[in-house]
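Asker: Encoded as structure tokens, here's the structure I'll be asking about.
The values are calculated or read from the model by the stated rules, or taken from the named source; none is laboratory data. Just so we're clear, the structure is a prediction, and the values are computed from it rather than from any experiment. Glycine also receives a Cβ, built like all others from the backbone with ideal geometry; neighbour counts cover every protein chain displayed.
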Amino acid sequence: MPIAIPAEPFDFAFDPARAALIVIDMQRDFLEPGGFGEALGNDVSLLAAAIGPCRAALDAARAAGMLVIHTREGHRADLSDAPPAKVQRSAPSRRIGDPGPMGRILVRGEPGHEIVADLAPLPGEPVIDKPGKGAFYATELEPMLRHRGIDALLIAGVTTEVCVHTTLREANDRGFRCAVLADACASYFPEFHAMALRMVSAQGGIFGWVTDTARLGAALQ
Ligand code: C5J
């Protein structure tokens, strides 16, 4: 049955049976010291704030029987799916594919590529491995959503202005109605987080809606 969540710029109406929660890239490589995020010069502790809200969103979505999808950014061991331009732009000291304390940086199957323990996918929940920032690029996400009749997405994860935003923009152009869960997203740059959220709901909701886990949880009860 359709429900409506208070959101900006106005209520976000969706049918939980036709909606999915997508949790973007809550991986050790972005959230823990020694991974990709830190190799790029970031303070990774800034992303920890999103873990609790992501967990709350997962609990609410699972209890409501909603589809839950996780994504992971990373590359094949031979880096054949990593554009040279992306590898060259990663930190000169430790680049994508280089060894680090959590294994090879941003490489599938390495410890750093795993989703943080608190947000581990449950058996049966799809995990999308993506080589890019957007979860639709070079992945099976779109057919997966279409085959299940999904038309609305609730989006959480990191980082707000990079992989969350890129995925949101891809989804918006494909006709999905999207709401970002503000407290379940985070950035290494708090000002980018705030501005990225404003970009979503400005201009009458040009990319979608912004809400939070408390409002989602209350609406799904
Ligand atoms: C980045 C991401 N920031 N998951 N990836 O490189 O946002």
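Asker: Please determine whether any residue of the range 162-170 is out of contact with any helix residue (DSSP H, G or I) (no Cβ under 8 Å at 6 or more places or on another chain), of a type in the set (S, T, N, Q) and closer than 12 Å to Ile22 by Cα.
Answerer: Scanning the range 162-170 turns up at least one residue that is out of contact with any helix residue (DSSP H, G or I) (no Cβ under 8 Å at 6 or more places or on another chain), of a type in the set (S, T, N, Q) and closer than 12 Å to Ile22 by Cα.
Asker: Of all the residues that make up the range 154-184, how many are touching a strand residue (DSSP E or B) at 6+ places or on another chain (Cβ under 8 Å) and more than 10 Å from the ligand (Cβ to nearest atom)?
Answerer: Going through the range 154-184 one residue at a time, the tally reaches 14.
Asker: Going by what's in this entry, would Arg146 be described as closer than 18 Å to Ala57 by Cα, at pLDDT 95 or above, away from the ligand (no atom under 16 Å from the Cβ) and out of contact with any helix residue (DSSP H, G or I) (no Cβ under 7 Å at 6 or more places or on another chain)?
Answerer: Judged against the criteria, Arg146 is not a match.
Asker: In addition: Restrict the check to the range 73-89 and report whether at least one residue is within 12 Å of the ligand (Cβ to nearest atom), farther than 25 Å from Leu197 by Cα, loosely packed, with under 15 Cβ neighbours inside 10 Å and of a type outside the set (Phe, Trp, Tyr).
Answerer: Yes, some residue in the range 73-89 is within 12 Å of the ligand (Cβ to nearest atom), farther than 25 Å from Leu197 by Cα, loosely packed, with under 15 Cβ neighbours inside 10 Å and of a type outside the set (Phe, Trp, Tyr).
Asker: Using the structure shown, decide if Met199 is within 16 Å of the ligand (Cβ to nearest atom), in a helix (DSSP H, G or I), out of contact with any Ser or Thr (no Cβ under 6 Å at 6 or more places or on another chain) and farther than 20 Å from Ala135 by Cα.
Answerer: no
Asker: Which numbered condition in (1) crowded, with 18+ Cβ neighbours inside 10 Å; (2) among the polar types (S, T, N, Q); (3) farther than 22 Å from Arg55 by Cβ is the only one that Asn172 fails?
Answerer: Every listed condition holds for Asn172 apart from (1).
Asker: Continuing with the same structure: Can you tell me which residues in the range 30-50 are within 17 Å of Ile105 (Cβ to Cβ) and either within 9 Å of the ligand (Cβ to nearest atom) or not in a helix (DSSP H, G or I) (or both)?
Answerer: Matches in the range 30-50: Phe30, Glu32, Pro33, Gly34, Gly35, Phe36, Gly37, Leu40, Gly41, Asn42.
Asker: While we're here: Name the residue that is surrounded by the fewest Cβ atoms within 10 Å (Cβ to Cβ), counting only residues in the range 198-221 that are closer than 14 Å to Leu154 by Cα, of a type in the set (A, V, I, L, M, F, W, C) and under 19 Å from the mean Cα position of the chain (by Cα).
Answerer: If we take residues in the range 198-221 being closer than 14 Å to Leu154 by Cα, of a type in the set (A, V, I, L, M, F, W, C) and under 19 Å from the mean Cα position of the chain (by Cα), then Ala214 is surrounded by the fewest Cβ atoms within 10 Å (Cβ to Cβ).
Asker: Hey, another quick one. I need the full set of residues from the range 181-197 which are touching a residue at least 60 places away in the same chain (Cβ under 8 Å) and buried (at least 23 other Cβ atoms within 10 Å of the Cβ), in order please.
Answerer: Leu181, Ala184, Cys185, Ala186, Ser187 - these are the residues of the range 181-197 that are touching a residue at least 60 places away in the same chain (Cβ under 8 Å) and buried (at least 23 other Cβ atoms within 10 Å of the Cβ).
Asker: Write out, first by first residue and then by second, each pair whose Cβ atoms fall under 7 Å of each other, whose residues are 6+ apart or on separate chains, and whose first residue, in the range 23-47, is free of Cβ contacts under 8 Å to residues at least 12 places away in the same chain while the second is outside any strand (DSSP E or B).
Answerer: What qualifies is Glu38/Val44.
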